[in-house]
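The values are calculated or read from the model by the stated rules, or taken from the named source; none is laboratory data. Only a predicted model underlies this, so the values are computations on that prediction, with no experimental measurement involved. Every residue, glycine as well, gets a Cβ built from its backbone with ideal geometry; the counts of neighbours run over all protein chains shown.
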Amino acid sequence: MNPYPALKNAAGPEIRETPVGIQILVMMGLATLACAVATVAAEDRRRPHVLARGIYGGVPTQLFDRGKTLEDFGVNAIWMGAGGLSEERIALLRKHGARVYAEFNTMHDAAYLKEHPDAAPVGTDGKVSPPPDGWQGVCPTHAAYRRYRMDAFRNALTDFDIDGIWLDYHHSHAAWEQAVPNMPDTCFCGRCLMMFQREAGVPLPDGTGAERAAYILKSKKAEWVRWRCGVFTDWVREFREILDKARPQALLGTFHCPWSDADYAGARLEKLNIDLKAQAKYLDVFSIMPYHARFGHHTDPEWIYRQARWLGEYLGITGKPGERHKIWPIVQLSDWGENVPTDQVRSVLDYGTRAPSSGVMIFAWGRLHESWEKVEEMGRFYRSIR
Ligand SMILES: [Zn+2]
């Protein structure tokens, strides 16, 4: 039984053409479908919302030494310490098509204390607070230190053709960059106590520094935290003012603690005095520092995304094009604390580049280049999302 009598009986080209036509149509359809599937897969990998695919840690000379380009690794942005800026380095990176961003140390210039011991933070005992786990901060109301940092900030912007500058260590005298943070209460120096009374309108009882510190933490904690946060925010206001005059097209970013308001009982605000909502008025880019391996999340790289997502909701940042504020996490690829295995590189970068993040940079080139297979893996990911 011939199910297709018309075909069998027909010898004319019209009838023969029909099945061929159908075959062609089917083939074209399949081809189109295949193309569509391939396109979707490619677009799945591409992340056009990711503006910066960066390396933190200076000029990656080891990459150039191998005859490679930044383009080979999909890198389009480099962060380096402001002290390492030079016209030659910037020109080299520009030749490779990269944007150049400086990192600027605000509250952690320990060398300053050698000649200015009155700038050392004072603890609850009324004495100079020893650096927690070796991390030395500076009193945030020391006028000469502030001027010294503002001048250095201005010089970095006027002397060098950079695309932006990122504040770093802009927080209290506390070692938070580890799995178990060490965050002493400071600064109860005479200057800070006087300014607190005057600016917050909180009179303090007579007594020793230790007694006054105890009174503040027991009875005026909220006022104290609010005032301290305001002091750190005012530094950011002045940094912005300087940037707007010196190089207005440059971005102002900050490397900051990645904790939510709930983490460590609100320590980001209460201990570190980082008021991100208030600072947002002056900042363009928030670079949270979710060093998952260093901070006890080495088996849970998704933590990176959860912290960025919290920040996005907190500050109303979605990662869509055109937003003024951006979240560009600095994610850990080099070994510090726990190791970051090569097979984790992709997921670290994946979580670091999901909206609300719209950029990412890796921490840190200085150690990372010793693990070249991780550099290669970073390059594969960066190229795939372009
Ligand atoms: Zn002080």
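Given the options Gly123, Gly97, name the one that is touching a Ser or Thr at 6+ places or on another chain (Cβ under 9 Å) and within 16 Å of the ligand (Cβ to nearest atom).
The unique qualifying residue is Gly123.
Residue check: is Gly84 small (Gly, Ala, Ser), more than 20 Å from the chain's Cα centre (by Cα) and surrounded by fewer than 14 Cβ atoms within 10 Å (Cβ to Cβ)?
So Gly84 fails the test.
Does Gln178 satisfy the condition of being touching a residue at least 24 places away in the same chain (Cβ under 8 Å), among the polar types (S, T, N, Q), crowded, with 18+ Cβ neighbours inside 10 Å and farther than 21 Å from Ile242 by Cβ?
no
Are any residues in the stretch 330-359 polar (S, T, N, Q), surrounded by fewer than 17 Cβ atoms within 10 Å (Cβ to Cβ) and more than 22 Å from His49 (Cα to Cα), and if so, which ones?
Scanning the stretch 330-359 gives Asn339, Thr342.
How many residues are assigned to a loop (DSSP other than H, G, I, E, B) and touching a residue at least 60 places away in the same chain (Cβ under 8 Å) when one looks only at the stretch 87-106?
Residues in the stretch 87-106 being assigned to a loop (DSSP other than H, G, I, E, B) and touching a residue at least 60 places away in the same chain (Cβ under 8 Å): 1 in total.
List every residue pair whose Cβ atoms lie under 8 Å apart, where the two residues are 6 or more positions apart in sequence or sit on different chains, the first residue falls within the stretch 270-289 and is modelled with pLDDT of 95 or more, and the second residue, located anywhere, is acidic (Asp, Glu) and assigned to a loop (DSSP other than H, G, I, E, B).
Once the first residue is modelled with pLDDT of 95 or more and sits in the stretch 270-289, its partners that are acidic (Asp, Glu) and assigned to a loop (DSSP other than H, G, I, E, B) give Lys271/Asp185; Met289/Glu177.
Look at Thr141 and say whether it is surrounded by fewer than 22 Cβ atoms within 10 Å (Cβ to Cβ) and within 16 Å of the ligand (Cβ to nearest atom).
yes
When you look at Gly322, is it under 27 Å from Val236 (Cβ atoms), within 16 Å of the chain's Cα centre (by Cα) and among the small types (Gly, Ala, Ser), yes or no?
no
Could you tell me whether the stretch 107-116 includes any residue that is modelled with pLDDT of 95 or more, within 16 Å of the ligand (Cβ to nearest atom), surrounded by fewer than 15 Cβ atoms within 10 Å (Cβ to Cβ) and not in a loop (DSSP other than H, G, I, E, B)?
So far as the stretch 107-116 goes, no, none of its residues is modelled with pLDDT of 95 or more, within 16 Å of the ligand (Cβ to nearest atom), surrounded by fewer than 15 Cβ atoms within 10 Å (Cβ to Cβ) and not in a loop (DSSP other than H, G, I, E, B).
Whether any residue in the stretch 189-212 is touching a residue at least 24 places away in the same chain (Cβ under 8 Å), part of a loop (DSSP other than H, G, I, E, B) and buried (at least 18 other Cβ atoms within 10 Å of the Cβ) is what I want to check.
There is at least one residue in the stretch 189-212 that is touching a residue at least 24 places away in the same chain (Cβ under 8 Å), part of a loop (DSSP other than H, G, I, E, B) and buried (at least 18 other Cβ atoms within 10 Å of the Cβ).
Any idea how many residues of the stretch 50-81 are exposed (fewer than 15 other Cβ atoms within 10 Å of the Cβ) and of a type in the set (A, V, I, L, M, F, W, C)?
1
Filter the stretch 151-171 down to the residues that are within 17 Å of Glu87 (Cα to Cα) and among the acidic types (Asp, Glu), then identify the one that is farthest from the ligand (Cβ to nearest atom).
Asp161
I'd like to know if the stretch 172-189 contains one or more residues that are within 16 Å of the ligand (Cβ to nearest atom), of a type in the set (A, V, I, L, M, F, W, C) and in contact with a Cys (Cβ under 8 Å, 6 or more places away or on another chain).
Looking through the stretch 172-189, at least one residue is within 16 Å of the ligand (Cβ to nearest atom), of a type in the set (A, V, I, L, M, F, W, C) and in contact with a Cys (Cβ under 8 Å, 6 or more places away or on another chain).
Part of a helix (DSSP H, G or I), surrounded by fewer than 20 Cβ atoms within 10 Å (Cβ to Cβ) and touching a residue at least 60 places away in the same chain (Cβ under 8 Å), is that true of Ala222?
So Ala222 fails the test.
Would the stretch 333-343 turn up any residue that is under 15 Å from the mean Cα position of the chain (by Cα) and closer than 21 Å to Met80 by Cβ?
Yes, that holds for at least one residue.
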